[in-house]
Amino acid sequence: MAETDLIKLYSQRILALAADIPHAERLSEPEGSATKRSPLCGSVVTVDVRVAGGRVADLGMDVKACALGQAWGAVLGGGAIGRAASEIETARDQLRAMIREGADAPEGPFAAMEALIPARDYRNRHASILLAWDALLDAMDQASTPAAAAE
């Protein structure tokens, strides 16, 4: 990867997002928790969640990832509170389409996704970018199952 490519990929905006991840501490008593790991780069993300009325009521994350994975943890953390699983899933799918298929960045609570448009050319980074989103959806699913509530 050329130096100019790295500069383009790790823009000031991505680095600023990575440095300021909302909800960057694990929850003490989550209703759901999930950990995702990227075997390619070794990034690991754990997401804890409390759900009320089918929506994210509280969120905690531990993101051990490159700046790209951290930036997406920040975008997710900044917009997830109050969102239903279907909204998180739609945003994740929009993110995937944006980086893999060249689709436009979404508007609304996850509009900051546009900062990662330069990552389109780096397919080996895509899995790390999606980790936090997949972990949150798994944690929400866990929180909504009767077995999780009984434990």
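The values are calculated or read from the model by the stated rules, or taken from the named source; none is laboratory data. Quantities reported herein were computed from a predicted structural model and do not represent experimental measurements. So basically every Cβ, Gly included, is an ideal-geometry build from the backbone, and we count neighbours across all protein chains shown. Calculation scope for accessible area: heavy atoms of the full protein, side chains included, ligands and nucleic acids excluded. Shrake-Rupley method; radii C 1.70, N 1.55, O 1.52, S 1.80 Å.
Worth a mention:
- Matching residues, region 114-136, being hydrophobic (A, V, I, L, M, F, W, C) and either without any contact (Cβ under 8 Å) to a residue 40 or more places away in the chain or open to solvent by 20 Å² or more (accessible area, probe 1.4 Å) (or both): ILE117, ALA127
- Every residue from region 27-60 that is over 19 Å from SER144 (Cα atoms) and surrounded by fewer than 16 Cβ atoms within 10 Å (Cβ to Cβ): PRO39, LEU40, GLY42
- Subset of region 61-76 [small (Gly, Ala, Ser), open to solvent by less than 10 Å² (accessible area, probe 1.4 Å) and farther than 10 Å from LEU17 by Cβ]: GLY69
- Some residue of region 137-144 being assigned to a helix (DSSP H, G or I), in contact (Cβ under 8 Å) with a residue 12 or more places away in the chain and surrounded by fewer than 16 Cβ atoms within 10 Å (Cβ to Cβ): yes
- Residues in region 68-126 that are part of a helix (DSSP H, G or I), among the hydrophobic types (A, V, I, L, M, F, W, C) and under 27 Å from GLU25 (Cβ atoms): 16 in all.
- Residue within region 100-109 that is in contact with a Gly (Cβ under 7 Å, 6 or more places away or on another chain), surrounded by fewer than 21 Cβ atoms within 10 Å (Cβ to Cβ) and not aromatic (Phe, Trp, Tyr) present: yes
- Condition check for ALA80 on (1) open to solvent by 10 Å² or more (accessible area, probe 1.4 Å); (2) without any contact (Cβ under 8 Å) to a residue 60 or more places away in the chain: one failure, at (1).
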